[in-house]
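J.: Quick one: the structure is below, questions incoming.
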Amino acid sequence: MLLFSPYQLGQLKLTNRIVMAPLTRSRAIGNQPNELMATYYSQRAGAGVIISEGIAPSPNGLGYARIPGLFSNEQVEGWKRVTNAVHNEGGKIFAQLMHTGRMSHPVNMPAGSTIIAPSAISAGMEMRTDQGMQPLPVPEEMSLSDITQTQTEYIKAAMLAMEAGFDGVEIHGANGYLPEQFLSPYSNVRNDDYGGNIENRCRFVLELAEKVGQSIGFDRAGIRLSPYGVHGGMKYYPELDETYIHLSQGLESLGHLYIHLVDHSGLGAPEVPWRIKTAIRKQFSRILILSGGYTKDKAEKDLASGTADLIAFGKPFINNPDLVKRMENNWPLSDNLDPSTFYSSGEKGYTDWPTFN
Ligand SMILES: Cc1cc2nc3c(=O)[nH]c(=O)nc-3n(C[C@H](O)[C@H](O)[C@H](O)COP(=O)(O)O)c2cc1C
């Protein structure tokens, strides 16, 4: 089967075409990667490549409770333990850089951080915190120097990711976080070079992609996007398809390694129409990763038809650390996923899922 065949991802030789999708698990006490996380990732090193949980490039991006960062020496040392543990098991791992922007609550964030976004528009929803669900505040509108400063934070984090032993970096441009907040006219009503028309709304993301690619090499830099996604208060707008076509053309000319598309239709979002998936595939000649609701059979079908090059699995990796082996050997998958432990602390529901044998 194609799913279990090797694949060349830039300079990396993957042993199979299964990607572990990024999964925030909120085990990083003090925003610091730790030994428990190293164990969790090494248990899942059978994936062709793991995309880490969202990692904040700066304190301003730490919008959720107990998510990890990558801006201090201590965090670099912590991540080294994670990447070493994965590499020791023969796996590969990319760092997903996630800046939460307006999807941030002060209760979750360290002292001195600021909630910033392209425009002062709240996501208009509640967010989980360790003090229960809380309404999201109105963010501060980013000045032009905030924009440059934030992009510099991503560059530094990408370089620290290399120092920490990651095999590459994925910019989290999906699910309503800071980069997507620039893309959508609902969260971006700026009237400078970063808002208004399609080109301007895409500018922050394309500049970011260029700067990150230049700092670590374009063959190590990917991006995750979620056209038609509704996470984080995102919604449909008439120029949506055109926006993503412009974006993929820009990523194509930069030479980005991959686009990773999210389909959250299983989670209540509308299905990403084939039309936009096909248009992106046409504009972007390099690697396309698809994710969202995949089973082994559906994955094989999309690889065989050339719709995707790699397939990412999210939730199935939570309760099946040996997912690849189970699928390869037709062993049954665990089906007792426990959402109450998705973002809790400690080993329960995290590192205590057994392998099949
Ligand atoms: C607990 C949990 C945490 C997630 N965290 C992230 C994240 O940090 N970054 C991201 O891009 N997507 C995140 N996602 C979305 C997943 O990567 C994936 O797109 C989604 O679960 C759908 O794929 P699946 O049907 O294979 O689970 C998360 C999903 C879940 C269930």
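J.: Put L160, L247, L2 in order of accessible area, largest first, 1.4 Å probe: what do you get? Numbers along the way, then the final one.
T.: Details: L160 35, L247 0, L2 60 Å².
Most to least solvent-accessible, the answer reads L2, L160, L247.
J.: Please compute the Kirkwood hydrodynamic radius of region 205-357 from all pairs of different C-alpha atoms, in Å with one decimal.
T.: It works out to 17.3 Å.
J.: Karplus couplings for region 341-353 from phi (6.51 cos²θ - 1.76 cosθ + 1.60, θ = phi - 60°), rounded to Hz, Gly and Pro as x?
T.: Once θ is set to phi - 60°, the couplings for region 341-353 become 9, 4, 10, 7, 10, x, 6, 4, x, 10, 10, 9, 6 Hz.
J.: Give me the Debye-computed log₁₀ of I(q)/I(0) at q = 0.10, 0.12 Å⁻¹ for the chain, equal point scatterers on Cα only, no solvent, two decimals.
T.: Computed log10 I(q)/I(0) values: -0.55, -0.82.
J.: Order the following by accessible area, largest value first: V189, V82. Probe radius 1.4 Å; ligands, DNA and RNA are ignored.
T.: V189, V82
J.: With runs of 4+ DSSP H residues as the only contributors, calculate the mean residue ellipticity of the chain at 222 nm using -39,500 (n - 2.57) per run, divided by the residue total and rounded to the nearest 500.
T.: -10000 deg cm²/dmol
J.: Then there is this: Counting only the heavy atoms of the protein chains, how much of V86 is accessible to a 1.4 Å probe, in Å² to the nearest 10?
T.: The accessible area comes out at roughly 0 Å².
J.: Could you pull the Cα extents of region 1-152 along its three principal axes, largest to smallest, in whole Å?
T.: Principal extents (largest minus smallest coordinate, Cα): 48, 29, 29 Å.
J.: Please work out the FRET efficiency for the pair E242 and A120, using the Cβ-Cβ distance as r and a Förster radius of 25 Å; give the result to the nearest 0.05.
T.: So, using R0 = 25 Å, E works out to roughly 0.45.
J.: Next question, about the same structure. On full extension of the chain, what length is gained from Q8 through Q32, given 0.36 nm per residue of separation minus the C-alpha to C-alpha distance? Before the final figure, lay out the partial values.
T.: Working: separation 24, 0.36 × 24 = 8.64 nm, distance 3.15 nm.
Length gained, Q8 through Q32: 5.5 nm.
J.: How do D302, D335, D219 stack up against each other in accessible area, from largest to smallest, with a 1.4 angstrom probe?
T.: D335, D219, D302
J.: Sum up the lysine pairs in the chain that clear both bars: alpha-carbon distance under 18 Å and a spacing of 8 or more or different chains.
T.: Taking the chain as the scope, the lysine pair count is 14.
J.: Still on this structure, please answer the following. Figure the gain on full extension for V189 and K298 (residue separation times 0.36 nm, minus the Cα-Cα span) and round it to one decimal in nm.
T.: Difference between extended and current length: 35.3 nm.
J.: Just the number please: accessible area per residue for region 34-129, 1.4 Å probe, all protein chains included, in Å².
T.: 29
J.: For an R0 of 45 angstrom, estimate the FRET efficiency from the Cβ-Cβ distance between S285 and L337 and round to the nearest 0.05.
T.: Numbers: r = 36 Å, r/R0 = 0.81.
My answer for the efficiency is 0.80.
J.: Probe 1.4 Å, all protein chains in place: accessible area of F71 in Å², nearest 10?
T.: Its heavy atoms expose roughly 80 Å² to the probe.
J.: If you take the charge dipole of region 2-341 about its Cα centre, with +1 on Lys and Arg Cβ and -1 on Asp and Glu Cβ, which of F204, I311, T295 is farthest toward its positive end?
T.: Going by the Cα projections, it comes out as T295.
J.: About the Cα centre of the chain, how large is the charge dipole given +1 on each Lys and Arg Cβ and -1 on each Asp and Glu Cβ? Please answer in debye to the nearest 20.
T.: Taking the Cα centre of the chain as origin, the dipole is about 600 debye.
J.: Length gain on complete extension for the stretch S265 to N197, per 0.36 nm per residue less the alpha carbon to alpha carbon distance?
T.: Working: separation 68, 0.36 × 68 = 24.48 nm, distance 2.76 nm.
Length difference between fully extended and current span is 21.7 nm.
J.: Right, next: What FRET efficiency do you get for T307 and M162 if R0 is 22 Å and r is their Cβ-Cβ distance, rounded to the nearest 0.05? Working shown, then result.
T.: Details: r = 31 Å, r/R0 = 1.43.
Once rounded, the FRET efficiency stands at 0.10.
J.: From the residues S253, N320, G346, which one has its Cα farthest along the dipole of region 237-357 in the positive direction, the dipole being from +1 and -1 charges on Cβ of Lys/Arg and Asp/Glu about the Cα centre?
T.: Farthest towards the positive end: S253.
J.: Over the chain, what relative contact order in percent results from Cα pairs under 8 Å that are six or more residues apart?
T.: 17
J.: When DSSP beta bridges are limited to those with both residues in the chain, what percentage is antiparallel, rounded to the nearest 5?
T.: Here the share of antiparallel DSSP bridges comes out near 15 percent.
J.: Quick one: how many Å² of I51 are accessible to a 1.4 Å probe, rounded to 10?
T.: Spelled out: I51, probe radius 1.4 Å, area about 0 Å².
The values are calculated or read from the model by the stated rules, or taken from the named source; none is laboratory data. Computed from a predicted structure; not experimentally measured. For neighbour counting, all protein chains shown are included, and Cβ atoms are generated from backbone atoms with ideal geometry for every residue, glycine included. Each accessible area value is taken on the protein alone, full model and side chains, heavy atoms only, with ligands, DNA and RNA left out. Shrake-Rupley method; radii C 1.70, N 1.55, O 1.52, S 1.80 Å.
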